[in-house]
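The values are calculated or read from the model by the stated rules, or taken from the named source; none is laboratory data. Here the structure is a predicted model, which is why all the values come from computation and not from measurement. Reconstructed Cβ throughout: ideal geometry from the backbone, glycine too, with neighbour counts over all protein chains shown. Side chains are part of the model used for accessible areas, which takes the heavy atoms of the whole protein and leaves out ligands, DNA and RNA. Shrake-Rupley method; radii C 1.70, N 1.55, O 1.52, S 1.80 Å.
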Amino acid sequence: MLKYTEDHEWLRAEGDEIVVGITAHASEQLGDVVFIELPEEGREVEAGEEIVVIESVKAASDITAPVAGVITAVNSALADSPTDVNSDPLAAWFFKIKPADAAAIDSFMDEAAYNDLIG
Amino acid sequence: MAEELRRTGLYDLHIEQGARMVPFAGWEMPVQYPMGVMGEHLHTRAKAGLFDVSHMGQVLVTPKNGNPETAALALETLIPADVLGLPQGRQRYGVFTNDQGGILDDLMFANRGDHFLLVVNAACADQDIAHLQTLEAVNVTPVTDRGLLALQGPLAAEILATLIPAAAEMRFMDSQIDDWDGTELWLSRSGYTGEDGYEISIPNARLTEFAQALLAHPDVAPIGLGARDSLRLEAGMPLYGHDMDTGVTPAQAALGWSIPKSRRIGGARVGGFPGSDTVLTELTNGAAKTRRGLRPEGRAPIREGVEIFEGETGGAALGKVCSGSFGPSVGGPVAMAILDASLPDGTTLWAELRGKRIPVTLAALPFITPSYKR
């Protein structure tokens, strides 16, 4: 089951890691993605830290770490096909993070709450 | 309190087409449609794109004494261009200069026989009109009852000919008046994309109907300001307020080509416009800095404000990017910056992006080959 942040990220628990991507709503707002800069694997990050740069034709945006933890994997395939973020945002994950607090994911919105947020 | 945004006569049609509307120069304008900036850009280069440019200022300049030469010479006191030598039915590009030789706005002007039609930037329109009204020999009439469309792309001519057969005979920068179903249209074969195409002025009363007639063609798609910007950037065209402003001279903006011999030192009608000493001396001696093209390595767009350096580390910035984005037709990022004119194309410089320096290559403008019907 997916969880959602107010920054329009989706979170999926996978073992003791969280897989992070952006929602279809966010990808629509961004428009055509042309470049993605991912964090280094093994990097320790704070919650709210800007760790991904995502550039569309129009503008640059940041994606933040939803929780504190360590980046365990990044989807380097996105560097070559950044438009995957537009065509299939749920499959186009950005990074996996091992949260410092194993229960961190529980506090995020479920789908119904997120749908309320985006109206 | 924010000033209320103005809407063009096509507002309802934009909404119907699914546009995302944004504030632009005091107007509420479509930035993109569901096709998206990339798709709209590529569609315009492949087929034909329809742009609402009704926010731009259309202005008529008429000589008080009835002699068009009077109006031409009056305009030449504000614009360093050959207005007097412009034949009837033709249009040219020019700039308004200030006393320091900087650029107040850029514009198109067309000779329509007994008067001139000017098209100026939306954000500068009020200021331009006031500036023109300082001319004693002419009447200045803002056109308030017409919208402006641009139809751009390789199929623009054959598509427009289905509504206005005479349009097909026009050459690049021709300007003429045609009839469409009893309505007077003002056409020019010009645009802001690097493609063949037209700008079409239509009475507001029939603006939507005319736009719908064009959109009914399967090869025409509505195009927003997002793609308009990436198209003009690939075509190496400057945007006022970004690539030029009151602190940038025509030579620095790489617009010296718009100032002909007749207005330069040694010409028949040398100078006589604001800042002419500065502008003409610089054109004679060559500007130290001028607007150059940049091709960044990799895929990351280098946007407005990014600083350019000579080396990978240290040193003072050589200049800043004035326009930069991803060029969908180029297939990579493209940018422009005002930099040392003596550096040859192909020189590697460095752009500082998010604390890292990325190699960028000086490249000739435009980034694409324009396809005007000359």
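Tell me, yes or no, whether segment B:35-47 has at least one residue that is open to solvent by 10 Å² or more (accessible area, probe 1.4 Å) and touching a Lys or Arg at 6+ places or on another chain (Cβ under 7 Å).
Taking every residue of segment B:35-47 in turn, none turns out to be open to solvent by 10 Å² or more (accessible area, probe 1.4 Å) and touching a Lys or Arg at 6+ places or on another chain (Cβ under 7 Å).
Say we look at segment B:1-34 and pick out the residues that are in a helix (DSSP H, G or I) and of a type in the set (A, V, I, L, M); which of these is most open to solvent (accessible area, probe 1.4 Å)?
Restricting to residues being in a helix (DSSP H, G or I) and of a type in the set (A, V, I, L, M), the top hit is B:ILE15.
Any chance segment B:234-246 includes a residue that's crowded, with 17+ Cβ neighbours inside 10 Å, out of contact with any strand residue (DSSP E or B) (no Cβ under 8 Å at 6 or more places or on another chain), closer than 21 Å to B:THR369 by Cβ and among the hydrophobic types (A, V, I, L, M, F, W, C)?
Yes, segment B:234-246 contains a residue that is crowded, with 17+ Cβ neighbours inside 10 Å, out of contact with any strand residue (DSSP E or B) (no Cβ under 8 Å at 6 or more places or on another chain), closer than 21 Å to B:THR369 by Cβ and among the hydrophobic types (A, V, I, L, M, F, W, C).
Taking segment B:298-356, which residues are of a type in the set (Phe, Trp, Tyr) and facing another protein chain (nearest Cβ under 10 Å)?
B:PHE326
Kindly establish whether A:GLY119 is more than 12 Å from chain B (Cβ to nearest Cβ) and touching a Pro at 6+ places or on another chain (Cβ under 9 Å). Break it down stepwise before answering.
Details: more than 12 Å from chain B (Cβ to nearest Cβ): yes; touching a Pro at 6+ places or on another chain (Cβ under 9 Å): no.
No; evaluated as a whole, the condition is false for this residue.
Could you please give the count of residues in segment B:309-338 that are within 19 Å of B:GLU40 (Cβ to Cβ) and part of a loop (DSSP other than H, G, I, E, B)?
Of the residues in that region, 4 qualify.
For (1) open to solvent by 60 Å² or more (accessible area, probe 1.4 Å); (2) within 30 Å of B:GLY236 (Cβ to Cβ); (3) not in a strand (DSSP E or B), each residue gets a yes or a no:
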{"site": "B:THR141", "(1), (2), (3)": "yes, no, no"}
{"site": "B:LEU163", "(1), (2), (3)": "no, no, yes"}
{"site": "B:ALA168", "(1), (2), (3)": "no, yes, yes"}
{"site": "B:ARG171", "(1), (2), (3)": "yes, yes, yes"}
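Give the residue that is least open to solvent (accessible area, probe 1.4 Å), with candidates limited to residues of segment A:70-87 that are touching a Gly at 6+ places or on another chain (Cβ under 9 Å) and without any contact (Cβ under 8 Å) to a residue 60 or more places away in the chain.
The qualifying residue least open to solvent (accessible area, probe 1.4 Å) is A:ILE71.
Could you grab me the full set of residues in segment B:267-298 that are in a loop (DSSP other than H, G, I, E, B) and open to solvent by less than 50 Å² (accessible area, probe 1.4 Å)?
Pass one, segment B:267-298, residues in a loop (DSSP other than H, G, I, E, B): B:267-275, B:286-288, B:297-298.
Of everything in segment B:267-298, those that are in a loop (DSSP other than H, G, I, E, B) and open to solvent by less than 50 Å² (accessible area, probe 1.4 Å) turn out to be B:GLY267, B:GLY271, B:PHE273, B:PRO274, B:GLY275, B:GLY286, B:ALA287.
When you check A:ASP106 against the structure, is it open to solvent by 60 Å² or more (accessible area, probe 1.4 Å) and either within 14 Å of another protein chain (Cβ to nearest Cβ) or part of a loop (DSSP other than H, G, I, E, B) (or both), yes or no? So that I can check it myself, show each step before the final result.
On the way: open to solvent by 60 Å² or more (accessible area, probe 1.4 Å): yes; either within 14 Å of another protein chain (Cβ to nearest Cβ) or part of a loop (DSSP other than H, G, I, E, B) (or both): no.
Considered against the rule, which asks whether it is open to solvent by 60 Å² or more (accessible area, probe 1.4 Å) and either within 14 Å of another protein chain (Cβ to nearest Cβ) or part of a loop (DSSP other than H, G, I, E, B) (or both), A:ASP106 comes out as no.
A:VAL67: open to solvent by less than 30 Å² (accessible area, probe 1.4 Å), away from chain B (no Cβ under 14 Å), over 23 Å from A:ASP110 (Cα atoms) and modelled with pLDDT of 95 or more, yes or no?
Spelling it out, it is not the case that A:VAL67 is open to solvent by less than 30 Å² (accessible area, probe 1.4 Å), away from chain B (no Cβ under 14 Å), over 23 Å from A:ASP110 (Cα atoms) and modelled with pLDDT of 95 or more.
Considering only residues that are open to solvent by less than 20 Å² (accessible area, probe 1.4 Å) and part of a loop (DSSP other than H, G, I, E, B), look in segment B:249-266 and name the one that is farthest from B:GLY346 (Cα to Cα). Working first, answer last.
Filtering segment B:249-266 down to residues open to solvent by less than 20 Å² (accessible area, probe 1.4 Å) leaves B:249-251, B:253, B:255-256, B:258-259, B:263.
Retained after the next criterion (residues that are part of a loop (DSSP other than H, G, I, E, B)): B:249-251, B:253, B:255, B:259.
Details: B:THR249: 25, B:PRO250: 24, B:ALA251: 21, B:ALA253: 20, B:LEU255: 21, B:ILE259: 27 Å.
Going through the qualifying residues, I end up with B:ILE259.
Considering each residue of segment B:84-108, count those that are hydrophobic (A, V, I, L, M, F, W, C), over 12 Å from the mean Cα position of the chain (by Cα) and assigned to a strand (DSSP E or B), and give that number. Break it down stepwise before answering.
Going residue by residue through segment B:84-108, those that are hydrophobic (A, V, I, L, M, F, W, C) are B:84, B:86, B:95-96, B:103-104, B:107-108.
Retained after the next criterion (residues that are over 12 Å from the mean Cα position of the chain (by Cα)): B:84, B:86, B:96, B:103-104.
Next, only the ones that are assigned to a strand (DSSP E or B) stay: B:96, B:103-104.
The total comes to 3.
Within the set of pairs 6+ apart or on separate chains, which have a first residue in segment A:18-36 that is closer than 12 Å to A:THR83 by Cα, a second that is open to solvent by 10 Å² or more (accessible area, probe 1.4 Å) and assigned to a strand (DSSP E or B), and C-beta atoms under 8 Å apart?
Final answer for the pair search is A:LEU30/A:SER61; A:GLY31/B:GLN32; A:PHE35/A:VAL53; A:ILE36/A:VAL53.
Name the single residue that is least open to solvent (accessible area, probe 1.4 Å) among those in segment A:25-45 being within 12 Å of chain B (Cβ to nearest Cβ) and assigned to a helix (DSSP H, G or I). So that I can check it myself, show each step before the final result.
Narrowing segment A:25-45 to residues within 12 Å of chain B (Cβ to nearest Cβ): A:27-37.
Pick out the ones that are also assigned to a helix (DSSP H, G or I) and you get A:27-30.
On the way: A:SER27: 7, A:GLU28: 120, A:GLN29: 96, A:LEU30: 30 Å².
Residue satisfying both the conditions and the ranking: A:SER27.
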